[in-house]
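Just below is one structure, and these are the notes that go with it.
The values are calculated or read from the model by the stated rules, or taken from the named source; none is laboratory data. These numbers were taken from a predicted model, which means no experiment stands behind them. No Cβ is skipped: glycine too gets one built from the backbone with ideal geometry, and neighbour counts run over all protein chains shown. We work out accessible area using only protein heavy atoms, side chains counted, and drop any ligands, DNA or RNA first. Shrake-Rupley method; radii C 1.70, N 1.55, O 1.52, S 1.80 Å.
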Amino acid sequence: MLLQVKDLHASANGTPILKGVNLEVKPGEVHAIMGPNGSGKSTFAKVLAGHPAYEVTSGTMTYDGEDLQELETDERARAGVFLAFQYPVEIPGVSNSQFMRQALNERLKAAGKDELDPLQFDDYIRERVKIVDMDPKFLDRSVNADFSGGEKKRNEILQMAVLEPKLALLDETDSGLDIDALRVVANGINELSTEENAVVLVTHYQRILNYVTPDYVHVMTRGRIIKSGGKELALELEERGYDWITEQEAAQ
Amino acid sequence: MSSADETMAKHPFVARFIDQGRARSTEGLPQWWADFRTSALQRLVGLDVPGAKDEEWRFIRLASLAGEEFVAEFDADRQVNENELSEVTVPESAGARLVFSNGQFLPELSDTSALADEVTVTTWSQLREAGDLDEIHDYLDIADFWEDDLFYNLNGANFEDGAVIMVPRNEVVETPIHIVYLANGEGNDFAAHPRNIIVAGESAQVTVIEEFAGAGEGTYFHNVVDEISLGANAKVRHIKVQQDQTTAYHFARNVITLSQDSNYEGTAVNFGGQLSRNDSYARFDGKNIECTLDGLAYVQGRQVTDTHTAIDHALPDSTSYQLHKTIVDDRAHSVFNGKIFVRKDAQRIDSNQLNQNLVLSPRARVDTKPQLEIFADDVVCSHGATVGQLDDEQLFYLMSRGIDAERGQAILTYAFAAEVLETIGVDSLRERLEEQVLEVTSAVAE
């Protein structure tokens, strides 16, 4: 088991948002977590990554045999957890490629591997940018600064390609993308999926699932996963919306 | 002679400098210089050390400075620590360097061989020795902005040395000229009053790096005046780097006068001094002038840094830019006051001013006071000031990529400073300063 979440509760500023989430992810799997706005699905991704705005009040998160709560955000990242941000942060003054080299070297160092010098990294990154069809000029610019929405999302997937995480949490990476950008991002995700890693795709829209085929689809509302199924569940949601599930749940 | 003078001066601190000024040799001094010294001495008699009630000084305290008893620089040992000099070497300025130690020129460590004969790069002391001072007479005391300022007059009464750079008409100096002021303050509590003259003739172009450096812990006082005159269509790039010892005092008055179509770009980096004050006054004497006064101050411990600038748009059709950033850590304190005057007939002025302050510690203090005085109606003036801490979302982003909190804070502090440092076109100097910010922030991050 790569990730095992049991009865996870979390709150922000004292307001409960996650109210008992259960999820199991094995290597090689792609999971989609869908749900209406405000369901807690983005919060779930951020809590897994260790965002300081959220407090875990009860439950457990076990990643690769380790209790995630014992690890700081940076330690989780070095252990192979990756969060693609819904709103990637702009950091003017920090070069995109230097940032990624430092991040990669932290990960390599933690794994006991040799770090890459600037020239080695340059060769490596020039291969990786092809996965997201990105102009290498973005490497020399400041991190996400003055990038368009689509460029920011590509840059997130590029970082995933550079860091090769074991568990990728993609927080609405598809939102706001035009169809061309969506295809590029989806192809990147597919190309990076292996038998050893897993992807948890948090999304509001079914559309990306036409390009990335999930093994499991989960529906989250009001801070809990209330229904899980195969990829056909996404199609059903597309046709019928979320109301029938929430009604079903309320009836129980 | 001193007892009578001390009773004349309002403060012993001032009296001491009156004495030192009067004790200075007049040998080889042309009449105009002797007259200038005399008038500064006369003004000093009426001046006191400014206090909190003085608007220009209200955010800082001068009591510790006024309590010091500095010896005149000529009584200080001027031995140079070669390591110190190698640390501030700028390879791009090879053959274009003037070195001073404890305020006194060191010809043996200076080298101007890379510069064309037409360009004058020398010092007051050398010109005095050669009896060749008269050509700089016109470039002394070029504006009356600081006529009644204590520190301007302390310098006027006491200066004997400093760089003299004169670039004649149409001459373009490609090699950046590096002026280095070293200090070996320990056991040498000296006061030095460097006066640097930079003159760019019509369509001339020059880059000047003015750097103050000192290692160790000396309580000394650099009291600098720079007078920078730009002829029509001239371009001067002036990079000032102040890294005096954190036990020292550094005060500077930079006077800039600009003729039509000229362009001055100033970047002032202030990292050193227990108390530093770097003030600039730019007067626009023509149309179509561009003037940039950027700054970066980074203070820690109990350092205090204060920057006051005044941009005086007296005539129409000019532009001024100003980006001043400060980083304050521990119990340090930074002050910024940026005045922009747009006189009645100075139409079509475009003036931008931004002061951003990054506060790294809850006990650090920032005072900022933008000050616009606009008397013309057809102008575009923007100004703003921000005071903030490191951005939590940016830090989380870095950490989510495996970078630890300490390193993340250093990177973000560096990024804040980078916007100003990026404007420094001399690569080795820019890289040295960027390295330094990264090292310092890593060292202090919790």
| Based on DSSP H runs of at least 4 residues, each adding -39500 (n - 2.57), what is the mean residue ellipticity at 222 nm of chain B after dividing by all its residues, to the nearest 500 deg cm²/dmol? | -7000 deg cm²/dmol
| request: Whole Å is fine, so just give me how far the alpha carbon centre of segment A:110-189 lies from that of segment A:3-27. | output: 28 Å
| field | Percent antiparallel among DSSP beta bridges (both partners in the protein assembly as shown, rounded to 5) | value | 20 percent
| message | Within 10 Å, Cβ to Cβ, of B:Asp367, how many net charges do the neighbouring residues add up to if Lys/Arg are +1 and Asp/Glu are -1? | response | +2
| query | Taking only DSSP H segments of four or more residues, each worth -39500 (n - 2.57), what value at 222 nm results for chain A once the sum is divided by all its residues, to the nearest 500 deg cm²/dmol? | reply | -11000 deg cm²/dmol
| How much of the accessible area of chain B, probe 1.4 Å, is carbon plus sulfur, in whole percent? | 44 percent
| request: Counting only heavy atoms of the protein chains, get the accessible area per residue of chain B (1.4 Å probe) and round it to a whole Å² value. | output: 38 Å²
| message | Given an 8 Å cut-off on Cα distances and at least 6 residues of separation, report the relative contact order of chain B as a percent. | response | 9 percent
| field | Ordering of A:54-60, A:65-71, B:216-222 by packing [mean C-beta count within 10 Å, highest first] | value | B:216-222, A:54-60, A:65-71
| message | Net charge around B:Asn196, counting only other residues with Cβ within less than 12 Å of its Cβ (Lys, Arg = +1; Asp, Glu = -1)? | response | -2
| request: With r as the distance between the Cβ atoms of A:Val56 and B:Tyr321 and R0 = 60 Å, compute the FRET efficiency 1/(1 + (r/R0)^6) and round to 0.05. | output: 0.80
| query | Using the Cα gyration tensor of chain B, with a ≥ b ≥ c the square roots of its eigenvalues, what is the shape: rounded (a/c below 1.5), prolate (a/b larger than b/c) or oblate (neither)? | reply | rounded
| said: Just to confirm the filter: which GluC sites (Glu not before Pro) across segment A:129-198 are DSSP coil and have at most 10 other Cβ within 10 angstrom of their Cβ? | reply: A:Glu195
| query | Which of the trypsin sites (Lys or Arg not before Pro) across segment B:218-305 are loop residues per DSSP, with 16 or fewer other Cβ within 10 Å? | reply | B:Lys287, B:Arg302
| request: Report, to the nearest whole %, how much of the accessible area of chain A belongs to carbon and sulfur atoms, 1.4 Å probe, protein only. | output: 43 percent
| message | Distance between the C-alpha centers of segment B:17-94 and segment A:229-252? Whole Å please. | response | 80 Å
| field | Residues of segment A:108-252: accessible area per residue with a 1.4 Å probe, Å² | value | 49 Å²
| request: Name the residues of segment A:85-100, by number, that are at least 40 Å² less accessible with every protein chain in place than in the isolated chain; the surface is that of heavy atoms, probe 1.4 Å, without ligands or nucleic acids. | output: A:Phe85, A:Val89, A:Ile91, A:Gly93, A:Val94, A:Phe99
| message | Show me you know the interface measure: the accessible area buried between B and A, both chains summed, probe 1.4 Å, in Å² to the nearest 100. | response | 1900 Å²
| query | What residue among A:Val129, A:Leu170, A:Ile225 has its Cα farthest toward the positive end of the dipole of chain A, where the charges are +1 on Lys, Arg and -1 on Asp, Glu, each on the Cβ? | reply | A:Ile225
| chymotrypsin sites (Phe, Trp or Tyr not before Pro), restricted to segment B:341-446: which are DSSP loop and have at most 14 other Cβ atoms within 10 Å? | B:Phe375
| request: For the pairs A:Lys26/A:Lys231; B:Lys53/B:Lys339; A:Lys113/A:Lys137, note any where the Cα-Cα span goes beyond 26 Å. | output: A:Lys113/A:Lys137
| field | Computed E for A:Lys19/A:Arg240 - FRET, C-beta separation, R0 30 angstrom, nearest 0.05 | value | 0.80
| task | Go through segment B:383-411 and flag every residue whose accessible area shrinks by 40 Å² or more with all protein chains in place compared to the isolated chain (probe 1.4 Å). | result | B:Glu393, B:Gln394, B:Phe396, B:Tyr397, B:Met399, B:Ser400, B:Arg401, B:Gly402, B:Ile403
| query | Looking at B:His137, B:Met166, B:Asn223, which one has the Cα that reaches farthest to the positive end of the dipole of segment B:68-390 (charges on Cβ: Lys, Arg +1; Asp, Glu -1)? | reply | B:Asn223
| Label points 7 Å out from Cα along the Cβ direction at B:Gln79 and B:Ile374: separation in nm? | 5.8 nm
| request: Would you mind counting up the charge near A:Lys41? Only other residues with Cβ under 12 Å from its Cβ, with Lys and Arg at +1 and Asp and Glu at -1. | output: +1
| field | Spin-label pair A:Lys113/A:Asp180, simplified geometry with 7 Å Cα→Cβ offset, distance in nm | value | 3.3 nm
| So what is the relative contact order for segment B:391-446, in percent, with contacts set as C-alpha pairs under 8 Å and at least six apart? | 40 percent
| chain A, relative contact order in percent, only Cα pairs under 8 angstrom and at least six apart counted | 28 percent
| For chain B, what proportion of DSSP beta bridges, expressed in % and rounded to the nearest 5, is antiparallel? | 5 percent
| Nearest-20 debye value, the protein assembly as shown charge dipole, Cβ charges on Lys, Arg, Asp, Glu | 1920 debye
